[in-house]
Amino acid sequence: MPIGAFINVIPGPVFILVHAVALVIGVYFARRSFAMGSTDFGRAFVLFALAELSYITYHLDWTTFLFAHLISEVLDLLAFIFVFMGLTKRMMGGAGAPAGGR
């Protein structure tokens with residue numbers, strides 16, 4: 001038996017709920033980031049939310065697992081790049097850092 005096979009007994013709607021909650025959290029933080037002028041962080045959270053939406057497409061049986069997982073991983077990788085860019089700008093005191101913030 002592969003490691004983690006026990007997860008198959010969890011009903012599908014639970015997975016949709018987990019990803020939907022993560023999507024809502026991503027949208028919330030994206031809106032907060034954009035409102036504070038942190039566009040790189042806002043974009044990162046938008047990409048994270050889109051990744052969660054991609055995972056949901058698998059659980060709704062609209063896409064295959066490998067396709068949804070690949071799209072989600074690419075979106076998460078791009079999100080990490082935006083986080084790195086935002087942190088770099090903040091540390092260098094450049095554009096994209098919130099006004100009056102660190």
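Taken over the range 5-23, the criterion of being touching a residue at least 24 places away in the same chain (Cβ under 8 Å) and over 13 Å from residue 59 (Cα atoms) is satisfied by 22, 23.
Kindly establish whether residue 56 is touching a His at 6+ places or on another chain (Cβ under 6 Å) and aliphatic (A, V, I, L, M). Answer is yes for this residue. When the range 22-51 is filtered for residues that are within 21 Å of residue 88 (Cα to Cα) and aliphatic (A, V, I, L, M), the ones remaining, listed by number, are 30, 35, 36, 44, 46, 47.
Got at least one residue in the range 42-50 being in contact (Cβ under 8 Å) with a residue 24 or more places away in the chain, not aromatic (Phe, Trp, Tyr) and not in a helix (DSSP H, G or I)? For the range 42-50, residues in contact (Cβ under 8 Å) with a residue 24 or more places away in the chain, not aromatic (Phe, Trp, Tyr) and not in a helix (DSSP H, G or I): absent.
Sub-8 Å Cβ pairs linking a first residue in the range 84-96 that is of a type in the set (D, E, K, R) to a second residue that is outside any helix (DSSP H, G or I) and at pLDDT below 90, at least 6 apart or interchain, are 89/95; 89/96; 89/97; 90/96; 90/97; 90/101; 90/102, ordered by first then second residue.
Residue 76 passes every criterion in (1) closer than 14 Å to residue 16 by Cβ; (2) surrounded by 16 or more Cβ atoms within 10 Å (Cβ to Cβ); (3) among the charged types (D, E, K, R) apart from (1).
Looking for something in contact (Cβ under 8 Å) with a residue 12 or more places away in the chain, loosely packed, with under 13 Cβ neighbours inside 10 Å, in a helix (DSSP H, G or I) and not hydroxyl-bearing (Ser, Thr, Tyr) - is there at least one such residue anywhere in the range 25-34? So far as the range 25-34 goes, no, none of its residues is in contact (Cβ under 8 Å) with a residue 12 or more places away in the chain, loosely packed, with under 13 Cβ neighbours inside 10 Å, in a helix (DSSP H, G or I) and not hydroxyl-bearing (Ser, Thr, Tyr).
The values are calculated or read from the model by the stated rules, or taken from the named source; none is laboratory data. This structure is a prediction, so every number in the text was calculated from the model and none was measured. Heads up, the Cβs are rebuilt from the backbone with ideal geometry, glycines too, and the neighbour counts pull from every protein chain shown.
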